[in-house]
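The values are calculated or read from the model by the stated rules, or taken from the named source; none is laboratory data. Just so we're clear, the structure is a prediction, and the values are computed from it rather than from any experiment. Here the Cβ is made from the backbone with ideal geometry for all residues, glycine too, and neighbour counts use every protein chain on show.
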Amino acid sequence: MTMKHTLVALVEDKPGVLTRMASLFRRRGFNIESIVVGRSEVPHLSRMTIVISGPTTMVEQLRKQLDKIIDVVKVFDITAEDTVARELALIKVGATSSNRSEIIQIVDIFRANIVDVAPDSVTVEVTGDEEKIDSLLNLLRGFGIKEMTRTGRIAMARGGRRLPAAKQSSKAEGKGQKA
């Protein structure tokens, strides 16, 4: 059965890591729905959050192969975990003096923010789960979406559970280097 999976990878901050990982996804025929990369709490390690769709068995095989890539410290499938997941979107909406107050009301209902105002548009910043952002987009489409960008999902386990980044950070050193 095909379902969305959220993978979290801890990787060394080195050039080429993303390329090697994306190449493995391509070779295995997976489409990356979203990928977000940023610094982690451990110096010299980045955290990637990758969303893909596929059968659980194939995703698990992919996860194990990603784990073998040099500079990849560890890959976790947190799909079944109790997580906090968010996306960020910036949405530029067509606005006139006659509809601007209606747009502001919609933005307020979604606890979003207006971060830029121009004579013919407003730019909205919204943070939340995928469904919240999709719902806001659907309401704003009637005004005309001029431009939009989304970060993709970032996620982490709820509560005290955390990825063992500090313990795993020396794993890449033990993998050796390819010529």
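Miscellaneous remarks
- In region 1-30, residue nearest to Ala155 (Cα to Cα) [restricted to those that are out of contact with any helix residue (DSSP H, G or I) (no Cβ under 8 Å at 6 or more places or on another chain) and in a loop (DSSP other than H, G, I, E, B)]: Asp13
- Taking every residue in region 140-165 that is under 21 Å from Asn31 (Cα atoms) and pairing it with any residue that is among the acidic types (Asp, Glu) and surrounded by 15 or more Cβ atoms within 10 Å (Cβ to Cβ), at least 6 positions away or on another chain, the pairs with Cβ-Cβ distances below 8 Å are Arg150/Glu87; Thr151/Glu87; Gly152/Glu33; Gly152/Glu87; Arg153/Glu87; Arg153/Glu130; Ile154/Glu87.
- Odd one out for Ser53, checked against (1) hydroxyl-bearing (Ser, Thr, Tyr); (2) in contact with a strand residue (DSSP E or B) (Cβ under 9 Å, 6 or more places away or on another chain); (3) surrounded by fewer than 15 Cβ atoms within 10 Å (Cβ to Cβ); (4) not in a strand (DSSP E or B): (4)
- Residue in region 32-39 that is touching a residue at least 60 places away in the same chain (Cβ under 8 Å) and among the acidic types (Asp, Glu) present: yes
Results for (1) part of a strand (DSSP E or B); (2) modelled with pLDDT under 95; (3) not assigned by TED's automatic domain parsing to the domain that holds Glu102, shown as yes or no for each residue.
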residue: Ile133; (1), (2), (3): no, no, no
residue: Asn138; (1), (2), (3): no, no, no
residue: Lys146; (1), (2), (3): yes, no, no
residue: Thr149; (1), (2), (3): yes, no, no
residue: Leu163; (1), (2), (3): no, yes, yes
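- Top-ranked residue of region 80-126 - restricted to ones that are part of a loop (DSSP other than H, G, I, E, B), without any contact (Cβ under 8 Å) to a residue 60 or more places away in the chain and not small (Gly, Ala, Ser), ranked as surrounded by the fewest Cβ atoms within 10 Å (Cβ to Cβ): Pro119
- Residue in region 58-68 that is in the same structural domain as Gly16 (by TED's automatic domain parsing) and part of a strand (DSSP E or B) present: no
- Failed item, numbered, when Ile50 is tested on (1) touching a residue at least 40 places away in the same chain (Cβ under 8 Å); (2) under 20 Å from Leu137 (Cβ atoms); (3) of a type outside the set (Lys, Arg): (2)
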